[in-house]
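Here the structure is laid out as structure tokens; the discussion comes afterwards.
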Ligand SMILES: [Zn+2]
């Protein structure tokens with residue numbers, strides 16, 4: 001949708017009023033005993049040790065149980081109520097509020113991208129912690145545990161019902177299965193008022209736009225044969241190569257931002273054998289579902305053309321190539337308005353702590369609630385990190401107490417819906 005200048009002016013005005021109101025409320029909040037006590041407790045809490053403990057519990061895709069059980073034990077220890085692990089593997093707990101108060105969900109994903117046998121021992125090097133998954137998302141889970149601890153220990157009972165969710169399956173082929181379950185059959189099937197996902201470090205980025213993606217596995221199959229004796233039989237690798245060359249030339253628009261990637265190719269068994277199959281894994285992304293539709297149509301077309309070409313070039317009759325295109329993942333796109341209460345509250349709570357927030361678009365657990373119209377943002381837990389999704393991942397915890405301070409303020413501000 002194109003920005004409308006009249007609407008824009010209205011939003012600006014609405015924003016100005018809400019900024020002033022929010023700032024007055026924030027000002028008042030900052031001077032309450034509750035917040036003073038919470039901030040003191042945060043300073044005493046060793047979040048960094050928690051990050052290490054969480055990070056050293058393996059949580060490979062589809063095998064997050066151990067980390068979920070640890071989180072559940074911590075939730076129980078803090079005094080959260082109704083702590084449980086649901087049928088999908090998500091760990092849940094809650095701080096009940098007054099009846100009729102808003103429902104605020106704070107969440108963090110448990111899973112990493114690393115396979116089971118990965119060494120997850122965390123090493124310290126100067127100010128940095130080194131370990132796969134330490135920033136994405138051990139630091140988010142640790143901050144979620146810390147928030148539960150602080151709110152209960154400070155005796156804060158906001159009118160809102162505060163729900164805690166450590167989710168499974170955010171990364172890759174997990175395809176957001178944890179958060180999908182929560183909002184379809186699980187604890188939040190009736191919805192919620194606000195959803196905040198803690199994902200990774202940093203404090204500036206406030207993700208209010210959901211980057212959509214679709215993933216496909218393309219497989220081409222033929223009869224195979226001997227490279228000399230059966231020459232002329234259809235060759236799936238030759239056809240795949242042509243399909244990729246055409247696909248890679250797709251003119252993806254910069255706005256709305258769109259991207260594609262052939263991430264894995266496979267096939268064949270020997271240099272002197274005509275392969276029986278060849279395949280590729282393809283990732284399509286865009287901030288617009290319409291652009292993803294176009295990309296998907298293009299992908300189907302190039303595969304079809306490559307198969308037709310290969311079949312028309314064969315010289316041995318009776319052999320033909322077939323293709324299958326299987327969708328292995330889909331994440332909806334969408335947006336929580338920049339003028340919405342949750343986005344403005346996240347910005348205000350950041351600014352009051354000296355953080356300069358910026359809005360961002362990314363693919364996170366928030367994609368699901370955003371696509372359902374639930375006001376949602378994904379924010380960082382504080383600290384810094386690098387080499388994310390690699391074995392050389394590092395995390396610098398400086399500033400992670402500020403991250404939890406912001407969460408406390410956000411919980412209290414959103415409670416006054
Ligand atoms: Zn993450």
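Coordinate-derived values only; no laboratory data. Since this is a predicted model, take the numbers as computed values, not measurements. Please note: Cβ atoms are built from the backbone with ideal geometry, for glycine as well, and neighbour counts cover all protein chains shown.
Summary of values
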read-out: Part-to-part distance (alpha-carbon centres) for the range 112-167 and the range 309-327, which is given in Å; value: 50
read-out: Förster radius 56 Å - calculated FRET efficiency between residue 32 and residue 309 (Cβ-Cβ, nearest 0.05); value: 0.20
read-out: Cα centroid separation, the range 172-198 to the range 216-241 (Å); value: 42
read-out: Backbone N under 20 Å from the residue 361 label point (7 Å along Cα→Cβ), restricted to the range 231-274; value: 250-262
read-out: Contact order relative to length of the chain, as percent, for alpha carbon pairs under 8 angstrom and 6 or more apart; value: 23
read-out: Distance between modelled label sites at residue 65 and residue 125, nm, 7 Å Cα→Cβ extension; value: 3.4
read-out: Ranked 45, 188, criterion: other C-beta atoms within 10 Å, fewest first; value: 45, 188
read-out: Degrees, to the nearest 10: 65-78 long Cα axis against longest axis of the chain; value: 10
read-out: Whether the range 212-331 is rounded, prolate or oblate, judged on the alpha carbon gyration tensor where a/c under 1.5 counts as rounded; value: prolate
read-out: Linear extension gain, residue 257 paired with residue 242, 0.36 nm per residue minus alpha-carbon span; value: 2.8 nm
read-out: Euclidean distance of C-alpha centroids, the range 68-95 and the range 352-398, integer Å; value: 22
read-out: Distance in nm between pseudo-label sites at residue 297 and residue 77 (7 Å out along the Cβ direction from Cα); value: 5.5
read-out: Rounded to 5, percent antiparallel among DSSP beta bridges of the chain; value: 70
read-out: Computed E for residue 43/residue 265 - FRET, C-beta separation, R0 51 angstrom, nearest 0.05; value: 0.50
read-out: Label-reachable residues, the range 46-66, where backbone N falls under 15 Å from a point 7 Å from residue 328's Cα toward its Cβ; value: 61-62
